[in-house]
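A short write-up of the structure that comes next.
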Amino acid sequence: MLEQNIDALVMAGDVFDTPHPPHDALELYYQFLEAMDKHSKKVFIIAGNHDSGRFLQAPNFFLKNKNIHVVGRFPSDNEFNPNDYVFKVEEGKNQWFIHLLPFFRSHEVLEYVQRSKLITETEFPRMVLEKPEQLIELGIVDVMNRMIKSEYSTDEDKTKRMLVSHHLFGGFRLAGSEQSVSISGLDGLPSSLWGLPYDDLAIGHIHQTQRLREEKPRAIYPGSPIRFRFNEKREKKISILEWNDKDIEQSFIEIPEFRPVISLKLDQEDIKTKLASELINYKQNYKLAGLLEIKIKATGAVSGLADEIREILSQVEHPWELLSLQIEGQSAALSSSEKEHAHLITNIGGSGANLEELFKLYYKKKYPSQEKPSQQLLEDFKSLIEELERS
Ligand SMILES: [Mn+2]
């Protein structure tokens, strides 16, 4: 923010990855906001699907005096005050309206439609059953039109409008570690929104940087600032928008990586000689402890392998945390409890095949008298996982 001389920051949701963040994460967040205030930067934040909107909004009473604007909740009815959702940033004669649309669930929009009486009370129940997606579109478009109407602008030519959202717009690529946020009957926000008079869409949720659309409204997913999976792209970026005479130019800058996140493939006999040398260069480049995934091709007895690796890690200068150890081949040499351990630390939430193994282990723990889940149960589990991956 300081180096690039940036005036305002937009965070498009998932400030935290849990509704109840730990104290040290909260402390870091408020320290950051305090620093932004000290340097007279403006900050605009919406809640994502991982955030608790109420929790993020709770300190607004203090934050609004500091040019820090947080919107956590979708409006409950059409009596809402658009000034709580629309903010103006001025730069010379140019003005920028920032519209903050937090993550919302279908029922919130349906409640909005009902309370706002956008359709008749008799028609509402039938529409909820038959065409919920139409009601949802009606609600979202109504909110946006109210937001747009609330602006007052002296010079349309010098006015730009940005929508900040945490919902998907069609045509995106997932990095694989995002949770599904589809709203009932819709893969994302209705395409009719492309027709609303926005110049820019700043969209959260997707971890991978991408330009979704170049023409108006320009749609950018900056991506997550850090990696959430070993297989996510190393380069993480921030999207920069800059007034340039009449128009806004968009570019990306790379975010430095403070914590190495690496995946190593080693043959079992090379662990002693190669593991330390693979990790030796990280000390000078990174401030924070590294996260490590190791895949071992086993050629002999693998009992005690995890301990051996941890011993080597404790001797390397840079601190590392072993998050995942996968052992391929010769698993017969493992004791059953070691096998279980190796399975359990294998990429939880990774591929469907691993999840199936994990499910079998869980089942065995939960129902010790039964050897394994029935074929039907396994099939059901697999189809649920597939559905999850597709969404
Ligand atoms: Mn998200």
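Laboratory data are not the source of any read-out in this text; all were calculated from the coordinates shown. Every value quoted in this text rests on a predicted model; they were computed, and no experiment measured them. As a convention, Cβ positions derive from the backbone with ideal geometry for all residues, glycine included, and neighbour counts pool all protein chains shown.
General remarks:
- For THR159, THR209, order by how many other beta-carbon atoms lie within 10 Å, fewest first: THR159, THR209
- Reciprocal of mean inverse Cα separation for the stretch 36-114 (Kirkwood radius, Å): 13.7
- Inter-label distance, ARG229 to LEU26: 3.2 nm, where each label sits 7 Å from its Cα along the C-beta direction.
- Each of TYR30, TYR112 was scored by other Cβ atoms within 10 Å of its Cβ. Arranged with the fewest first, they read TYR30, TYR112.
- Mean-square fluctuations from a GNM of the chain, with a 10 angstrom spring cutoff on Cα atoms, peak among ASN49, ASN285, ASN244 at ASN244.
- Cα shape, the chain, gyration tensor, a/c 1.5 rule: oblate
- Out-of-range pairs (alpha-carbon distance over 20 Å; input LYS41/LYS66; LYS42/LYS149; LYS295/LYS372; LYS41/LYS246): LYS42/LYS149; LYS295/LYS372; LYS41/LYS246
- Residue among ARG54, ARG227, ARG126 with the largest mean-square fluctuation in a Gaussian network model of the chain, springs linking Cα atoms under 10 Å: ARG126
- Spherically averaged projected area of the convex hull of Cα atoms, the stretch 108-166: 5.1 nm².
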